[in-house]
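K.L.:
There's a structure below that I have some questions on.
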Amino acid sequence: MGQILAIDYGKARCGIAATDDMQIIASGLETVQTSLIIDFLTTYFGENRVDEVVIGLPTDLKGNVSEVETDILKFIEVFQKEFPMIKVHRFDERFTSKMASFFISQSGKNKKKRQEKGLIDKVSATIILQNFLEQRTR
């Protein structure tokens, strides 16, 4: 059994999280510039067995997708050409950035660290992945 990777895709940065090989626990992995995401994934997949990828689906309270969805769909198209053997899932990422900010604020990090966008992206990816794992086991 391989890992499941989550991507919180953004125009500037992507937060990345991964499970352990038993697919039980989600952990924040990295924040990568969006322009370098395919290179990062190529290297990561070369070093780790990854069976599936979860990509956040950005929706608002009414269920409408945000404008970044167009970019995400283009990314998924490229991803599937580059890595056709890895299954892609979408998962609602509503409130993950707010939740990430809250969890970071509760962690005791100083104000500068709490406002670091890359940390928020990485924690958001972790929340997406953990929620995906929890829904899967229900």
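The values are calculated or read from the model by the stated rules, or taken from the named source; none is laboratory data. Note that the structure is predicted; figures quoted are calculated from it, not measured. We place every Cβ from the backbone using ideal geometry, glycine too, and count neighbours over all the protein chains shown.
K.L.:
Applying the selection to the range 43-70, what residues are hydrophobic (A, V, I, L, M, F, W, C) and either surrounded by 16 or more Cβ atoms within 10 Å (Cβ to Cβ) or closer than 26 Å to residue 22 by Cβ (or both)?
P.N.:
Selection gives 45, 50, 53, 54, 55, 57.
K.L.:
From the list 64, 48, which residue is of a type outside the set (D, E, K, R) and either under 18 Å from residue 91 (Cα atoms) or in contact with an Asp or Glu (Cβ under 7 Å, 6 or more places away or on another chain) (or both)?
P.N.:
Criteria check complete, one pass: 64.
K.L.:
Name the single residue, out of those in the range 5-24 being over 24 Å from residue 65 (Cα atoms) and touching a residue at least 40 places away in the same chain (Cβ under 8 Å), that is surrounded by the fewest Cβ atoms within 10 Å (Cβ to Cβ).
P.N.:
24
K.L.:
Exactly one of these conditions fails for residue 1: (1) of a type outside the set (Val, Ile, Thr); (2) surrounded by 15 or more Cβ atoms within 10 Å (Cβ to Cβ); (3) at pLDDT below 95. Give me its number.
P.N.:
Of (1) of a type outside the set (Val, Ile, Thr); (2) surrounded by 15 or more Cβ atoms within 10 Å (Cβ to Cβ); (3) at pLDDT below 95, only one is false for residue 1: (2).
K.L.:
Right, another one. Just a yes or no: is a residue in the range 7-29 at pLDDT 95 or above, among the charged types (D, E, K, R), in a loop (DSSP other than H, G, I, E, B) and over 19 Å from residue 131 (Cβ atoms)?
P.N.:
no
K.L.:
Inspect all residues belonging to the range 57-78 and state whether any of them is under 13 Å from the mean Cα position of the chain (by Cα), assigned to a helix (DSSP H, G or I) and under 17 Å from residue 3 (Cα atoms).
P.N.:
no
K.L.:
Here's something else I'd like to know. Mind checking which residues of the range 1-32 are under 14 Å from the mean Cα position of the chain (by Cα) and charged (D, E, K, R)?
P.N.:
Within the range 1-32, 8, 11, 13, 30 qualify.
K.L.:
Another question, then. Quick one: what pairs do we get from the range 25-39, first residue in contact (Cβ under 8 Å) with a residue 24 or more places away in the chain and at negative phi, second β-branched (Val, Ile, Thr) and surrounded by fewer than 18 Cβ atoms within 10 Å (Cβ to Cβ), C-beta under 7 Å, 6+ apart or different chains?
P.N.:
38/78
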